[in-house]
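Working notes, beginning with the structure itself.
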Amino acid sequence: MNRKLLLRLTLPLAIAVLFTVTGSDTARAKTYCERLYESARRDYYSLLESERKQRFHDSWERVINSFDGIVDKYPECSKAPDSLFNMGVLYQKLYHRSWLKSDLEKAQKAYERLTKSYPMSQLADDALFGAAQILEEMGRKKEAYKAYDKVRNSYPSGDMSGKAKKKLTELASYAPRPDPVKPVVSKPGKFKVSDVQHWSNPNYTRIVVYGSGQLNFEKHSLKRDSVTGKPPRIYIDIKGAVLPRGIDNSLAIRDGLLQQARIAQYDADTVRLVLDMESLKDSTARALLNPSRLVVDIYGEGQGEGQSALAGDPGSSGLISSGSEVLPLSQQLGLKVKRIVLDPGHGGRDPGAVGPKGLREKDVVLSLAKRVKTALEARGYEVLMTRDSDIYVKLEDRAIFANNSRADLFVSIHTNASKNRAVRGIETYFLGVARDRQSSETAMLENAVSNENTLSDLEQILHSLINQNNMWHSNELAEAVQDSMHGMVSGKYGTIRNLGVKQAPFYVLSKTGMPAVLVETSFISNSSAEKLLQRSDFRDTLSDSITRGIINYTEKVSRQEGDPS
Ligand SMILES: [Zn+2]
């Protein structure tokens, strides 16, 4: 969360707590458990005020455990419900950094425990509301509806009742239906729509219809109607398709290019996607597999350059039948990987991780990236850098730069850090949900740049992670770079742990529209690794190995050219 916002939110709370404490002071002496609670609250505020502390899972858990201890040991304490409520809030906040599903589940458990054990508490309705919000966030909208309904019915005069009513209106389509719903019979092979998503990029807007089953479609365009002034439209009929209930029928987009996307069951056998445009220069539609999906890219007037890259795309001339593979554009056009964007992490006011002797990540990674650039250019690649000096560049701008440059690959270079200074090793990431705590912490570290409120964006992306077109290629690129790095560095510089290829929700990777990886070259927090990172010969080996990995990947991709599978 944005720090300023956080302070704005917590300050009135802090004042409120202060008054409560003073009030109870005069009435009676504080019990021991109440004093424990006050101490836990102080730790809570100190956590919320420290961006650095918030980067570590441990710091959150320490505060949570203090509250948990109060509930466990003193269930009759007047502050037990408050402790549970704070646990719920803390786990929820932690989840928005760690993106570990288990944290969100723990938040929900804390809220549920509060409503079950302390139903008469003033916080019971807040907790029930919190649990409902989490269900909604998890996409379990029908259950969320029920929970909001319970807030309204069980606590009609509570302060959450009004908010619950609003939520119930929003989620009306998830209300339990009294009439028996006829099950949608989907014949085997029918395309069953599961989701519709959109992305606004600087040069184009992408709409993706996800589903399962065979995908056949017809695309039609309608020009601007000069008589009625109706804007241009594209409509795509997906044949042999079913749109189940519960899928949002319209997406308001309004990004200057597309007003909105609408989808409906047009007739028994056809689902129609209609795109209402602001302007239209060109569009492409492709059917892709794994997952089965229809990808529509729209290019507007005045976004001309974006379209030249697509001029040869067979999709722009009409239809591609289902069965085309998931391939980046460069490869679909029969091009080798040509343009690579290197992204040295951090810079300027953001030093990145700092080693025990003061070596700064931002300096190390810039020097590594410059070396990789020279080496790749010598091999005939075109290489661009998101920064080539010690300046601060926002994560979002790095991704936009790569997208605008129409790069074929994006490689972000970092050094990792751990509170445990013994941790060492090399690892390479591509975008995904973190599967272990260490991966999640690495992403927390790399995503944490103050004054960038990126959480809601990231959240949106995480919920549609499956949509990553370039997932497979990013994985291949990550494997190639990781293999090469570990192979060339280990042995020459002693045994260096191969931590492997991992996935985590990195903001910078989530915004790039090409195969993208984030390389954690070493743990700068380890003093031996820091010493090595200072050495020019080690930097040469590291950058040679990254270069080699990139080349291995591009050669593999080129070898696959012409192979339709
Ligand atoms: Zn970094």
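The values are calculated or read from the model by the stated rules, or taken from the named source; none is laboratory data. Please read all numbers here as calculations on a predicted model, not as lab measurements. Cβ placement follows ideal geometry from the backbone for every residue including glycine, while neighbour counts extend to all protein chains displayed. Accessible surface areas use protein heavy atoms only, side chains included; no ligands, DNA or RNA. Shrake-Rupley method; radii C 1.70, N 1.55, O 1.52, S 1.80 Å.
For the reader, a short list of remarks on this structure follows.
- When region 456-484 is limited to residues that are β-branched (Val, Ile, Thr) and open to solvent by 20 Å² or more (accessible area, probe 1.4 Å), the one that is modelled with the lowest pLDDT turns out to be 466.
- Sole residue being under 17 Å from residue 298 (Cα atoms) and modelled with pLDDT of 85 or more, chosen from 236, 253: 236
- Residues of region 386-416 that are surrounded by fewer than 22 Cβ atoms within 10 Å (Cβ to Cβ) and among the small types (Gly, Ala, Ser): 389, 405.
- Flag for residue 192 being open to solvent by 60 Å² or more (accessible area, probe 1.4 Å), within 30 Å of residue 132 (Cβ to Cβ) and modelled with pLDDT of 65 or more: yes
- Qualifying residue in region 241-248 (condition: out of contact with any strand residue (DSSP E or B) (no Cβ under 7 Å at 6 or more places or on another chain), in the same structural domain as residue 298 (by TED's automatic domain parsing) and surrounded by 13 or more Cβ atoms within 10 Å (Cβ to Cβ)): no
- Those strands (runs of 3 or more DSSP E) of region 353-431 in which at least 2 residues are among the hydroxyl-bearing types (Ser, Thr, Tyr) and within 15 Å of the ligand (Cβ to nearest atom), considering only elements entirely within it, cover 409-416, 426-431.
- Filter pass, residue 546 being over 25 Å from residue 55 (Cβ atoms) and within 16 Å of the ligand (Cβ to nearest atom): yes
- Contact map, region 369-384: residues that are over 13 Å from residue 407 (Cβ atoms) paired with residues that are hydroxyl-bearing (Ser, Thr, Tyr), Cβ distance under 7 Å, separation 6+ or inter-chain. Pairs shown: 371/543; 372/543; 372/547; 375/543; 375/547.
- Residue 445 vs. criteria away from the ligand (no atom under 16 Å from the Cβ) and aliphatic (A, V, I, L, M): no
- Residue within region 47-57 that is open to solvent by less than 80 Å² (accessible area, probe 1.4 Å), hydroxyl-bearing (Ser, Thr, Tyr) and in contact (Cβ under 8 Å) with a residue 12 or more places away in the chain present: no
- Check on residue 91, buried (at least 18 other Cβ atoms within 10 Å of the Cβ) and modelled with pLDDT of 90 or more: yes
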